[in-house]
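Below: the structure, in structure tokens.
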Amino acid sequence: MRRNTATISPVAEHVYLVGENNNANDSGDTTNDHKKKTRPIVSLLRYCCEGASIFIVAFLLATVVHSGYTGLSKSIPNQDAPTAISTRGAVSSSTAAGGATTNTAPKCTDAQLSRIREQLNPAHIDCGDAPWTQQCPITTATKCFLPTWLTSYYSKSGIISTSSNSFVAITVGCNAGYDSVDLLRMGTFDPSVDVSAWKAALGNAQLPTYGCGREDPSHQIVVPAGNTPRRKGFVYCIEENPATAEAINKTSATADYYSKGLRVVNQVVTKSLDAFVEANVPAGGNIQVLEVKNGNEFETLGWTKSTLPRTEYLSYMTDWKESWSGYGRSIKFVSSKLDGKGFTCYWAGIGKLWRITSCPFKEYGSEFHKYWSHIACANRNIAPLLVEEMERIFNKTIHRDENQLRIENKK
């Protein structure tokens, strides 16, 4: 009889063979009869063992991919594995004294998830088939961002007057320096730090800029006249390109921004941001702002261990290429690791936020869907008021007028 092996399962095929052999066995050989009768049990055990082995191997592979940046870093040639982002959240001295921390952000409601999908549509075909066209709705909403939530947060004079430590911000990737100047003014409330003056000092220097509005003086923090509290501060502008770093240094010297707290550093910190922070930021103090936009965001965050627990606010870029193109380097993976550090993360647009943390979409973990975007995060453990401000912006974003949303989508 001819067997159709394409339609018979392994176990069913074995039973079929046993029946065929039994019909042909009339020799009276009891030994062979015994072997053939026990063969189904032995084969069944073998299939069970093989199935268990396959399951264990698959489980181990999945564990390696999702356990931390150590596993993923093996795809990076000629590099030692970076330390995985810890799954423990940082606890400030004030929260430690109270003995309580916020474990994670509240889970998005069905209504919130529906609004996010309506406004961003992470499953859009251009998010998978052609992310380079920049037509993915997440990209169109977040390829530029203005952190109005930070401006609002630091506009509260109590943030400045009750702070005994210096303001510290780090930008990894300087571009034309506007972001660093904007942060320095925001953190110190020094009215002489001004993006207009910086633009004039730049002159004809040909430096990269995203043109998303941070060079516009109308978007910088308004420093009230009078006896507004001031705060000492430092912004470290870390630039890998020597020519860019030199041009920004010259501009800083021309405008006397070194005395105001701007520090320009020509250094590659993809694997050494922790060492830089340990050498330049006083121990025990927080980093108010960390912006990572150097084209190697995934590796930079993956190698950063001791810096993140001290960071109140983090923003970084994601992309469909370069450091984000490797297997497993998804929004879900990175946001879950940052959530374990205490960060609540959002898609960041121009004055708008859409929460990622505890708002799951299957596309965020997909290898097919890649997003060029900006993401902003606040540390629940050491900056709870900033989290509240960003959550307020998030709820305002998803509940804004639907007619306005349609107008924006047509632009």
For this session: Could you check LYS156 against (1) at pLDDT 90 or above; (2) more than 18 Å from the chain's Cα centre (by Cα) and say which number it fails?
Result: (1)
Problem set entry | Those residues of the range 342-362 which are over 24 Å from CYS212 (Cβ atoms) and open to solvent by 10 Å² or more (accessible area, probe 1.4 Å), in sequence order | SER358, PRO360, PHE361, LYS362
Seminar exercise, completed: Those residues of the range 348-381 which are in contact with a Lys or Arg (Cβ under 8 Å, 6 or more places away or on another chain), hydrophobic (A, V, I, L, M, F, W, C) and more than 19 Å from ASP110 (Cβ to Cβ) amount to TRP372
Exercise. Here are some conditions: (1) within 26 Å of ASP194 (Cβ to Cβ); (2) charged (D, E, K, R); (3) open to solvent by 20 Å² or more (accessible area, probe 1.4 Å). GLU240 meets all but one. Which one does it not meet?
Worked result: (1)
Seminar exercise, completed: The condition of being out of contact with any Leu (no Cβ under 7 Å at 6 or more places or on another chain), on the phi > 0 side of the Ramachandran plot and not hydrophobic (A, V, I, L, M, F, W, C) holds, among GLY349, GLY365, GLY295, GLY285, only for GLY295
Exercise. Residues in the range 287-308 that are in contact with a Ser or Thr (Cβ under 9 Å, 6 or more places away or on another chain), over 16 Å from ASN241 (Cβ atoms) and either crowded, with 21+ Cβ neighbours inside 10 Å or free of Cβ contacts under 8 Å to residues at least 60 places away in the same chain (or both): how many?
Worked result: 12
Exercise. Mind checking which pairs have a first residue in the range 329-357 that is in a helix (DSSP H, G or I) and a second that is modelled with pLDDT under 95, Cβ under 6 Å, 6 or more apart or different chains?
Worked result: ILE331/TYR364; LYS332/TYR364; LYS332/GLY365; LYS337/ILE85; ASP339/THR104; GLY340/THR87
For this session: For the range 117-133, name all the residues that are open to solvent by 40 Å² or more (accessible area, probe 1.4 Å), in a loop (DSSP other than H, G, I, E, B) and modelled with pLDDT under 80.
Result: ASP129
Seminar exercise, completed: Selection from the range 262-276 of residues more than 17 Å from the chain's Cα centre (by Cα) and surrounded by fewer than 22 Cβ atoms within 10 Å (Cβ to Cβ) yields ARG263, VAL265, ASN266, GLN267, VAL268, SER272, ASP274, ALA275, PHE276
For this session: Confirm whether THR311 is touching a helix residue (DSSP H, G or I) at 6+ places or on another chain (Cβ under 6 Å), farther than 22 Å from LEU113 by Cα, in contact (Cβ under 8 Å) with a residue 12 or more places away in the chain and surrounded by 22 or more Cβ atoms within 10 Å (Cβ to Cβ).
Result: no
For this session: Would you point out which residue out of VAL269, VAL264, VAL223 is in a loop (DSSP other than H, G, I, E, B) and touching a residue at least 60 places away in the same chain (Cβ under 8 Å)?
Result: VAL269
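The values are calculated or read from the model by the stated rules, or taken from the named source; none is laboratory data. Remember, predicted model here, so these are calculated numbers, not experimental data. A quick note on method: Cβ atoms are made from the backbone with ideal geometry, for glycine too, and the neighbour counts reach across all protein chains shown. Note: areas computed on protein heavy atoms with side chains; ligands, DNA, RNA excluded. Shrake-Rupley method; radii C 1.70, N 1.55, O 1.52, S 1.80 Å.
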